[in-house]
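K.L.:
Dropping the structure in here first, questions after.
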Amino acid sequence: MEVNAMEAHDGEEIHNCLIELRSNPKRRRDKVYIGCGAGFGGDRPLAALKLLQRVKELNYLVLECLAERTLAERYQIMLSGGDGYDSQISSWMNMLLPLALERGTCIITNMGAMDPLGAQQKVLEIATTLGLDVSVAVSHEVSVTNLGSGFSPTHKYIMEGGISTYLGASPIVHCLEKYQPNVIITSRIADAALFLAPMVYELGWNWDELEHLAQGSLAGHLLECGCQLTGGYFMHPGEKYRDMSFQQLLDLSLPYAEISFDGQVSVAKAEGSGGVLDFNTCAEQLLYEIGDPSAYVTPDVVIDFQDVSFLPLSSCRVLCSGAKPSTISVPDKLLQLVPKDCGWKGWGEISYGGYKCVERAKAAEYLVRSWMEEIFPGLHDHIVSYIIGYDSLKAASSNGNASRQTTTEDIRLRMDGLFEQRDHAVQFTREFTALYTNGPAGGGGISTGYKKEILLEKHLVLLQVRREDVFWRIGLKRNTKSQSNKVLDHEYNLKNISTLQPKSQAETDESSSEFVSPGRSYTPAPLGQKIPLYNVAHSRAGDKGNDINFSLIPHFPPDIKRLKQIITSQWVKSVVSPLLDLSPSLDLDARNQRDKWISENVKVEIYEVKGIQSLNIVVRNVLDGGVNCSRRIDRHGKTISDLILCQQVELPP
């Protein structure tokens, strides 16, 4: 396929999103080493610096800091006159640039969000302040209105109306080929593609080498969430296969991957670091935030994960194999996010403690709902209530009994409303505050707030419907060293952080011996008795829009056959149905309405992933609209995995 391109001023280029085979791609290395320095916008720059220090062979460090939630937030901040890029880029670059430049490690990040050029300028300013020469490339989507000669781009730096498309690896590959920069800043590029791009560039791959692209995208998918691969979001006290000391969790290493030109992939953590990297952590991350494992769609390749397997090579390295192109291997769609007004969120919290505190919280909830109904009739269904410390996660057992503490003496009522009008949200906060003098006894610590919410609605741009109209741009800027008289110490970050000093061999041996992963069990789960599901399997939950997925990875692999008999669509619906409760005090009519809605709207898909002998369960339309507008305390639904594992099950013979 052909791609239209144009040379803009100062060496810039603009391309469309049709796929063009690379012309005589050069293999620059036999192996490339790519690290993940950040797995989300709230990750830790210090951890990325530790990875750079400990793994000297890193060629690239990827900072994956953008999600649908953070993109929506950036859009709102930008509309209010703030930065359209991640303002934390200053902290990251101050800490990482000196050592990355010294090591020759290229930093790739999507912190450009809605304004990559603003982020580019900020990084150049930081480098100048540090006395560093740096080249910073940008790779981002642009709006193009005229497709004739000369291409007339408009709103070059920020997509019109806040629209953003998930781009593939090609824009970054072009940056590397044309500029060989020190830093690349992007807009919305698919997470796995951030990692795939340097593989394509360094290893001489082409866009029709789908087996290689599938393996490379597997590596990117495993790396993209940072320490979730190396023991973060995995440790679970009391569970034989996931327990580890606090110290081991403190000393996590961010992951990196070694990828060979022939598509062989191994993921690793720094030698002597804490955490754990094994079959179990890899399996959880493999199934994180995916739907059908036989068709995981990225802009570059549709991947079949069903036969992926993991072979530990040491306590710090795992070989990953088996990813392959799906039946429909080249995606014919691009995913586009379009901002949509979601309304106004209003919320309030108040604490109660001691005797009958739950009943007092329920009384307070009743009052606030009733006061709102007096002023704005018909808004009852716009409000969700829950009691933190009692039912805030809507945990329920599969037999219908709530999994709550028998005695509760310290709780906090939270109410969230999503309204069409700002006045409704403001009034809600006022009515909630009135509990101080008009509510039950002993309530305190009231907090309230309101804000406008933006939902990023997903649209598919079909190849047959002018996919060629989606364009991206690359460009480069360089700075010159600071001309001030200030003497700058390039080693400041390394000298002033004592925790980064290398460990002695004795310290390394001691910390590493605290947790040795037992791997997978050689004993089946017991038969003929009810046991918690966590005795049979472990799990992780992820979200995509209004849908959630959770894995079930048996400790004893053959138990998958018995799990398949009890994990049915009906069983899953019965467990997750309380997530849709509007109140801790539902009457029979409200429960019947909820169950009817679930029957009509909530869909369950159950997939077997044979390579890792596990299940991936997808539940549609269960997250109250998704992370950007959900009224639940756990907007992402991340706690659902452990609520699932708490269910009592009886495995068949």
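Yes or no, residue by residue, for (1) part of a strand (DSSP E or B); (2) modelled with pLDDT under 95; (3) surrounded by fewer than 20 Cβ atoms within 10 Å (Cβ to Cβ); (4) on the phi < 0 side of the Ramachandran plot:
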site	(1), (2), (3), (4)
Met114	no, yes, no, yes
Gln121	no, no, yes, yes
Ala127	no, no, no, yes
Val142	yes, yes, no, yes
Cys175	no, no, no, yes
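K.L.:
Name the residue that is surrounded by the most Cβ atoms within 10 Å (Cβ to Cβ), counting only residues in the range 601-653 that are hydroxyl-bearing (Ser, Thr, Tyr) and farther than 23 Å from Ser294 by Cβ.
P.N.:
This residue is Ser630.
K.L.:
It is to be established whether one or more residues within the range 213-222 are modelled with pLDDT of 90 or more, crowded, with 20+ Cβ neighbours inside 10 Å, assigned to a loop (DSSP other than H, G, I, E, B) and out of contact with any strand residue (DSSP E or B) (no Cβ under 6 Å at 6 or more places or on another chain).
P.N.:
Within the range 213-222, not a single residue is modelled with pLDDT of 90 or more, crowded, with 20+ Cβ neighbours inside 10 Å, assigned to a loop (DSSP other than H, G, I, E, B) and out of contact with any strand residue (DSSP E or B) (no Cβ under 6 Å at 6 or more places or on another chain).
K.L.:
Then there's this: Quick one: in the range 362-388, of everything that is in contact with a Ser or Thr (Cβ under 9 Å, 6 or more places away or on another chain) and farther than 18 Å from Gly449 by Cα, which residue is surrounded by the fewest Cβ atoms within 10 Å (Cβ to Cβ)?
P.N.:
The qualifying residue surrounded by the fewest Cβ atoms within 10 Å (Cβ to Cβ) is Tyr366.
K.L.:
Using beta carbons and a limit of 8 Å, which pairs, at least six apart or on different chains, have the first residue in the range 237-251 and polar (S, T, N, Q) and the second one surrounded by fewer than 17 Cβ atoms within 10 Å (Cβ to Cβ)?
P.N.:
These pairs meet every condition: Ser245/Glu514; Gln247/Glu514; Gln248/Glu514.
K.L.:
Check whether at least one residue in the range 11-29 is farther than 25 Å from Leu213 by Cα and over 22 Å from the mean Cα position of the chain (by Cα), and report yes or no.
P.N.:
Yes, because at least one residue in the range 11-29 is farther than 25 Å from Leu213 by Cα and over 22 Å from the mean Cα position of the chain (by Cα).
K.L.:
Here is a follow-up. Cβ-Cβ below 6 Å, separation at least six or inter-chain, first residue in the range 522-549 and within 16 Å of Val619 (Cβ to Cβ), second of a type in the set (Lys, Arg): which pairs?
P.N.:
Close Cβ pairs (under 6 Å, with a partner that is of a type in the set (Lys, Arg)) amount to Ala541/Lys638; Asp547/Arg620.
K.L.:
Would you point out which residue out of Cys282, Cys320 is touching a Cys at 6+ places or on another chain (Cβ under 8 Å) and assigned to a strand (DSSP E or B)?
P.N.:
Within the list Cys282, Cys320, the selection yields Cys320.
K.L.:
Can you name the number of the only condition in (1) under 28 Å from Ser143 (Cα atoms); (2) out of contact with any Asp or Glu (no Cβ under 9 Å at 6 or more places or on another chain) that Glu224 fails?
P.N.:
In the conditions (1) under 28 Å from Ser143 (Cα atoms); (2) out of contact with any Asp or Glu (no Cβ under 9 Å at 6 or more places or on another chain), Glu224 misses (2) alone.
K.L.:
Can you name the number of the only condition in (1) among the hydroxyl-bearing types (Ser, Thr, Tyr); (2) under 23 Å from the mean Cα position of the chain (by Cα); (3) surrounded by fewer than 23 Cβ atoms within 10 Å (Cβ to Cβ) that Thr281 fails?
P.N.:
Going through the list (1) among the hydroxyl-bearing types (Ser, Thr, Tyr); (2) under 23 Å from the mean Cα position of the chain (by Cα); (3) surrounded by fewer than 23 Cβ atoms within 10 Å (Cβ to Cβ), Thr281 breaks only (3).
K.L.:
Taking strands (runs of 3 or more DSSP E) that do not extend beyond the range 529-626, which have at least 3 residues that are in contact with a Pro (Cβ under 9 Å, 6 or more places away or on another chain) and not assigned by TED's automatic domain parsing to the domain that holds Lys240?
P.N.:
603-609, 614-620
K.L.:
Just to be sure I understand the filter: pairs with C-beta atoms under 7 Å, separated by 6 or more residues or on different chains, first member in the range 254-269 and farther than 18 Å from Ala38 by Cα, second member basic (Lys, Arg) and at pLDDT 95 or above. Which pairs pass?
P.N.:
Pairs found: Ile259/Lys31; Ser260/Lys31; Phe261/Arg27; Ser266/Arg317.
K.L.:
Criterion first (buried (at least 18 other Cβ atoms within 10 Å of the Cβ) and at pLDDT 95 or above) does Glu453 satisfy it?
P.N.:
Criteria not met by Glu453.
K.L.:
Checking the conditions here, which among Ala295, Ala323 is buried (at least 20 other Cβ atoms within 10 Å of the Cβ) and either of a type outside the set (Asp, Glu) or out of contact with any Leu (no Cβ under 7 Å at 6 or more places or on another chain) (or both)?
P.N.:
Ala323
K.L.:
Of the numbered conditions (1) over 23 Å from Asp307 (Cα atoms); (2) under 21 Å from the mean Cα position of the chain (by Cα), Leu582 fails exactly one; give the number of that condition.
P.N.:
Going through (1) over 23 Å from Asp307 (Cα atoms); (2) under 21 Å from the mean Cα position of the chain (by Cα) one by one, Leu582 breaks only (2).
K.L.:
Being hydroxyl-bearing (Ser, Thr, Tyr) and surrounded by fewer than 20 Cβ atoms within 10 Å (Cβ to Cβ) is the filter; apply it to the range 563-580 and report the residue that is nearest to Val604 (Cα to Cα).
P.N.:
Only one residue fits best here, namely Ser569.
K.L.:
For residues that are under 21 Å from Asp642 (Cα atoms), of a type outside the set (A, V, I, L, M) and within 27 Å of the chain's Cα centre (by Cα), scanning just the range 391-414, find the one that is modelled with the highest pLDDT.
P.N.:
Taking the candidates together, the pick is Asp391.
K.L.:
Return yes when Ile388 is β-branched (Val, Ile, Thr), at pLDDT 95 or above and not assigned by TED's automatic domain parsing to the domain that holds Met114 and no when it is not.
P.N.:
Working: β-branched (Val, Ile, Thr): yes; at pLDDT 95 or above: no; not assigned by TED's automatic domain parsing to the domain that holds Met114: yes.
No.
K.L.:
If you don't mind, there's one more thing I want to ask. Hey, can you tell me all the residues within the range 52-75 that are more than 20 Å from the chain's Cα centre (by Cα), touching a residue at least 40 places away in the same chain (Cβ under 8 Å) and either farther than 21 Å from Asp191 by Cα or crowded, with 22+ Cβ neighbours inside 10 Å (or both)?
P.N.:
Passing the criteria: Leu52, Gln53, Arg54, Val55, Lys56, Tyr60.
The values are calculated or read from the model by the stated rules, or taken from the named source; none is laboratory data. Only a predicted model underlies this, so the values are computations on that prediction, with no experimental measurement involved. Using ideal geometry, Cβ is built from the backbone for each residue, glycine included, and neighbour counts are taken over all protein chains shown.
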